Amino acid sequence: MAALMPINLWFCPNEDLAPGIAATLAAYWLDEHEREIAGRFLFERDRRQYLVAHALVRRVLALETGIPEAEAVIWRSSRGRPYLQTPEGGLPRGGDGLDFNLSHAHAYNLLGVARSCRIGVDVERLDRGEQQGFEVIIETFTEGEREWIGRAAAGRPRDRRVLRLWTLKESYAKARGLGLSLAFDSFSFTLAEDRGVIEFRPPADDLAGRWRFLELEPVPEVVASVAVEVVEVEAADPPAVHLRHGFPWGRATPRRLTLEAPLR
Ligand SMILES: CC(C)(COP(=O)(O)OP(=O)(O)OC[C@H]1O[C@@H](n2cnc3c(N)ncnc32)[C@H](O)[C@@H]1OP(=O)(O)O)[C@@H](O)C(=O)NCCC(=O)NCCS
């Protein structure tokens, strides 16, 4: 069996793309739909977040496929999930089955690209000040997950547990294209003390064995998760994961990570 293409992850803080440069790239690269959304933001901070995230998507898709940034056709499902349209004749750099997913929040962006499998990503910031809203988030979890959260000391240790579970649930729901329409208490995670999924119990319509998860803290105070559905390979042979930091102007050497199967 041929070696699988690695899963590529890009973690890009907004500050890695100066506002003027982000605006220039967006003016050339973004499509009408993206430019229209960018024009709607009330706060410049939110517009900047959107421009950096979408310049990142188009740059990375160009590197991955050979389709120039402004020429990639991105369509969205009825639930809003973006997909790259494969041009007639296939992707210029070959390969097929490309999937990507984006998360952008609180001045950080995470983009995941996979081949022949679905991917979902989510990034959140622990230090969210007054607007945390963690109590509302916790109410959406299963009873077992709420108990696990309650056993941690109040403050950072508890918040970290909340966001580890939240980003894992979001990454899974996003990989499936369902987003928040999937009830977050219809599936559950049992997590290791520091990092790693011990057990994943999927919703009734899915199989646990198809999924691999990765937890990351790309920089301090930032929690991120990746969910990958691996259907075409042996359980023991998941694809490699390459993580790169910053806006991809050049050839950054990736950090190599492992996509572990849940222990149980
Ligand atoms: C997807 C969703 C979970 C996003 O969560 P979030 O934590 O606020 O945002 P994130 O930054 O992590 O992710 C946002 C990105 O996920 C992607 N996305 C949007 N909808 C998605 C979906 N259904 N599945 C996977 N990814 C999705 C997009 O790239 C989006 O960014 P963009 O709109 O700027 O392109 C949430 O918005 C959702 O559930 N959307 C679905 C809404 C829906 O069902 N709509 C029905 C018709 S209107």
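How big is the C-alpha Rg of the stretch 12-113 next to the rule-of-thumb value 2.2 N^0.38 Å, as a ratio?
In units of the globular-protein estimate, the stretch 12-113 measures up at 1.05.
Figure the gain on full extension for Asp194 and Phe43 (residue separation times 0.36 nm, minus the Cα-Cα span) and round it to one decimal in nm.
Here the answer is 50.7 nm.
Which residues among the stretch 23-47 fall inside the zone where the amide N is under 12 Å from a point 7 Å beyond the Cα of Ala70, along Cα→Cβ?
Only 25-32 fall inside the zone, counting backbone N under 12 Å.
Does anything in the stretch 165-202 have its amide N under 16 Å from the 7 Å Cα→Cβ label point of Ser78, and if so which residues?
Label zone hits: 177-182.
Out of all DSSP beta bridges in the chain, what portion is antiparallel? Express it as a percent rounded to 5.
Given both bridge residues lie in the chain, the antiparallel proportion sits at roughly 90 percent.
If you average 1/r over all unlike Cα pairs in the chain and invert the result, what Kirkwood radius do you get in angstrom?
19.1 Å
With an 8 Å Cα cut-off and a minimum separation of 6 or more residues, compute the relative contact order for the stretch 7-257 in percent.
21 percent
Report P(r) for the stretch 159-256: all Cα-Cα distances, bin width 10 Å, range 0 to the bin holding the largest distance, values in whole percent.
With 10 Å bins starting at 0, P(r) equals 13, 44, 33, 9, 0.
What does the extension gain come out to for Ala18 and Arg264, with contour length at 0.36 nm per residue minus their alpha carbon separation?
That works out to 84.1 nm of additional length.
For the residue pair His245 and Thr86, what label-to-label distance in nm results when each label sits 7 Å from Cα along the Cα-to-beta-carbon direction?
Each label point is offset 7 Å from its Cα along the Cβ direction, giving 3.6 nm.
Read the figures in this text as sums done on the coordinates, not as results from a lab. It should be emphasised that the depicted structure is a prediction, and the values quoted were computed from it without experimental measurement. Note that we place each Cβ from the backbone using ideal geometry, even for glycine, and neighbour counts take in every protein chain shown.
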